[in-house]
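The values are calculated or read from the model by the stated rules, or taken from the named source; none is laboratory data. Worth saying up front: this structure is predicted, and the values here are computed from it rather than measured. Glycine gets a Cβ as well: all are built from the backbone with ideal geometry, and neighbour counts include every protein chain shown. Areas reflect the complete protein model, heavy atoms only, side chains present, ligands, DNA and RNA absent. Shrake-Rupley method; radii C 1.70, N 1.55, O 1.52, S 1.80 Å.
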Amino acid sequence: MSPRGWRPWPRNPWLQRLFVGATLVALGCLAWGFFWEPRQLVERDYDFALPHWSRECEGLRLDVVADLHTGSPHNGLDKLDQIVARLVASDAPAVLMAGDYVILSVLGGTYISADELAPHLKPLTARKPVYAVLGNHDWWKDGGKVRAALESAGVVVLEDQARKVELGRCTLWIVGIGDKWETRHDIAGAFAGVSDDAPAIALTHNPDLFPEIPPRPSLTIAGHTHGGQVQLPWLGTPVVPAQMRYAGGYLVEDGKSLFVSTGIGTSILPVRFGVPPEISRLTLRAAAREPVRH
C-alpha cells in the first residue's frame, strides 16, 4: 500500500471509467495532432468581394500556398509533389506563394535545401505563373540562395517589387513586399512600380506588416502564422507568431482587406490540431460596397 493509504487507482467504478475515457481521449488527440492531421492536405474555397476590383478581373481564381516548410515531419518531397499536382490540376490561372519554403529546425524534421526542393516546382511553373516572396526561415537559411533556387525553377520572386501580369482578360499588379523581420520591406519602393489604376494584390510573408500597407491594393495576402497550428474547441488558438487577429483567414481593417493562409508545414513543434495543411483557393470579385468581415 502507498504511504498514508493513498491509492493511485480510484475505487469508484464511475471514476475508473472517467479516468480511462479521459486517458483515451488525450491519447487520441495526441495521435491526431502529431501524426494524422499534419499528413493531410485540404483545399478550401474562399470568395471575397473586394474594393478597387475591375470588371475584367471579376471572378478571378488564385491559389495560395504558404509555409511549405519542406522537411518538417510528414512533409517531405513526396508531400511537395502532392501539393504541386493539386495546383497543376486546379483551374486557377496563377499561384501565389507566401514564403518559408525551407525549415530552420523542427523536432523530428529533416532539413531539405532550396536547391533540392525547387526542381519539384517545375511541373507547376511549366503550366502556369507562380509568384512568390521569401519568409523569415528562407532568410535564416540564406535568402539569396533560396531566391536563386526558386527562380531557377521558373518561380517569379518579388522582393519589394511589383509585376504587372495578365491572366486571361484580367490585368493586375502583384506587389511583393519583403519579410517584416528579416528585410527592409521597402513598401513605398514596391508600390512605386505600380504605374496605373489596374487592381493590385500585395503579397508578403508576415501579416504584422498589414497596418503599414497602403490602401492601394484590393487585397493583401500573407502566411507565417500556420493558423497557430493548434485551434482548440471553445479556447481558440493559444499561440500565434503574429498579432492574434491575424491568426488566419479573412479580415477587414481600416478599410483594407487581408487574407492569411494557414499554410502547409509546421515549425518548432510538429503538431497541427484543428488547422490542417491547406491550399487556399480564392475567388475574387468586385464589392458593391465595402467588404464585411467573414
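In the range 71-89, which residues have a backbone nitrogen under 18 Å from the label point lying 7 Å from VAL42's Cα in the Cα-to-Cβ direction? Taking a point 7 Å out along Cα→Cβ of VAL42, the residues of the range 71-89 whose backbone N falls under 18 Å are 83, 86-87.
Can you tally the net charge around SER90? Count Lys and Arg as +1, Asp and Glu as -1, for every other residue whose Cβ sits under 9 Å from the Cβ of SER90. My count for the surroundings of SER90 gives +1. Here the range 34-102 is treated as an ellipsoid with the same Cα gyration tensor; its semi-axes, largest first and in whole Å, are 28, 12, 12. On the beta carbon distance between ASP142 and ALA89, with R0 = 22 Å, the FRET formula returns roughly 0.10.
Summing Lys and Arg as +1 and Asp and Glu as -1 over all other residues whose Cβ lies under 11 Å from the Cβ of ASP179 gives a net charge of -4. Here's how it looks for LEU50: its modeled amide H is under 5 Å from those of ARG285, ALA286, ALA287, which are all 5 or more places away or on a different chain.
Projecting label points 7 angstrom from Cα along Cα→Cβ for HIS52 and ALA188 puts them 1.7 nm apart.
Set Lys and Arg Cβ to +1 and Asp and Glu Cβ to -1, take the dipole of the range 152-245 about its Cα centre, and tell me which of HIS205, GLY193, GLY228 lies farthest positive. So the residue furthest toward the plus end is GLY228.
With protein chains left intact and a 1.4 Å probe, residues in the range 39-160 average 39 Å² of accessible area per residue. In the structure shown, the pairs LYS122/LYS256; LYS79/LYS256; LYS79/LYS141 are assessed against 31 Å; a Cα-Cα span above that value is assigned to LYS122/LYS256; LYS79/LYS256. Global dimensions of the range 79-157 from alpha-carbon coordinates: Rg and Dmax equal 12.3, 36 Å. Note on the range 205-247: Rg/Rh from C-alpha atoms, Kirkwood Rh, equals 1.05.
Measuring how big the range 125-171 is from its alpha-carbon positions, Rg and Dmax come out at 12.2, 39 Å. What is the spin-label model distance, in nm, from ALA286 to LYS128 if the labels are put 7 Å beyond Cα along the C-beta direction? The two pseudo-label positions are separated by 2.3 nm. Remark: spin-label model distance ASP115-ARG169 equals 4.7 nm, labels positioned 7 Å along the Cα→Cβ axis. Counted by Cβ distance under 11 Å from GLY144, the other residues give a net charge of -1, where Lys and Arg count +1 and Asp and Glu count -1. Of all accessible surface on the range 81-193 at a 1.4 Å probe, what whole percent is carbon and sulfur? Solvent-exposed carbon and sulfur of the range 81-193 make up 50 percent of the total.
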